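Q: Let me give you the structure first, and then I'll get to my questions.
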Amino acid sequence: MFHSNIVLAFLLTLFAGLSTGIGSFIALFSKRTNTGFLSVSMGFSAGVMIYVSMIEIFPKAEASLIETFGYGIGSTYNVIAFFAGILFMGIVDRMIPSFENPHELPELEDIEKLSEKVKQEHNNLDSKKLHRTGIFIALAITIHNFPEGLATFLAVLHDPALGIAIAIAIALHNIPEGIAVSVPIFYATGNKKKAFLYSFLSGLAEPLGAVIGFLVLMPFMSPGVFGFVFAMVGGIMIYISFDELLPASQKYGKHHYSIIGLIVGMLIMAISLLILE
């Protein structure tokens, strides 16, 4: 079941990770932030992740754990692993200063104003600070992308159709992260190639996280281990949805844009799963 889908799992994880490059392209060749698109896409991603986590991942993880440990203990382990995934992402967030946190996303207009101020004052220190901000955001996104890559990879190994949906959701989620990395670096250096490169490289953390996770977990993979890890993946995706995607969606657009994207994401995911069953 697992080994037959390894190539597909890696390619989909690579696709999801490198979508930071799409965000970078938007940032470097757009004059203004398309807030409506970002708002709906973030809501859509959250809808997909929330629906998949609760309707697909949580029950399948529970089934694997029950198969190994029995109903009572297996169900309890499933709940513990789910909240352990949430706790893990919470700890990762706490380790990163809020100013460099990838879900504190700058808008193009704000960074452009700061850039003009730097140019007018000819203050090299401000330019260095802006460059440093871009570097730290890239590092923060790299850290965040490791567990996201593992989540996508394991989902594809278990169920390719489910993995494709998660890969698309994470890809949409990564677009504004590409903006967050490339914009400050571009306005600090004036170098579009360098800004795109940093954004591109931060996305490579997802397939790298997938490969590392695969190499570590595969020798020990069993229904019980899979259940634990898959339940944690569900928790990770729930945390990303509520802590990053929905707040970003609300920030970038009107409240109803966020809700519409959320509901459409859930609906499309539900229809897709019904068709594929």
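FYI, it's all coordinate maths here, none of it is from the lab. Being a predicted model, the structure only gives us computed values, none of them experimental. Ideal geometry is used to build each Cβ from the backbone, glycine not excepted, and the neighbour counts take in all protein chains shown.
Q: Using 7 Å Cα-to-Cβ label points, what is the Ile143/Thr76 separation (nm, one decimal)?
A: 3.4
Q: List Ser45, Ser75, Ser241 from most exposed to least, where exposure is judged by having the fewest other Cβ atoms within 10 Å.
A: The fewest-first ordering by Cβ neighbours comes to Ser75, Ser241, Ser45.
Q: What number comes out for the charge environment of Phe230, summing +1 per Lys or Arg and -1 per Asp or Glu over other residues with Cβ under 14 Å away?
A: Computed value for this residue: -3.
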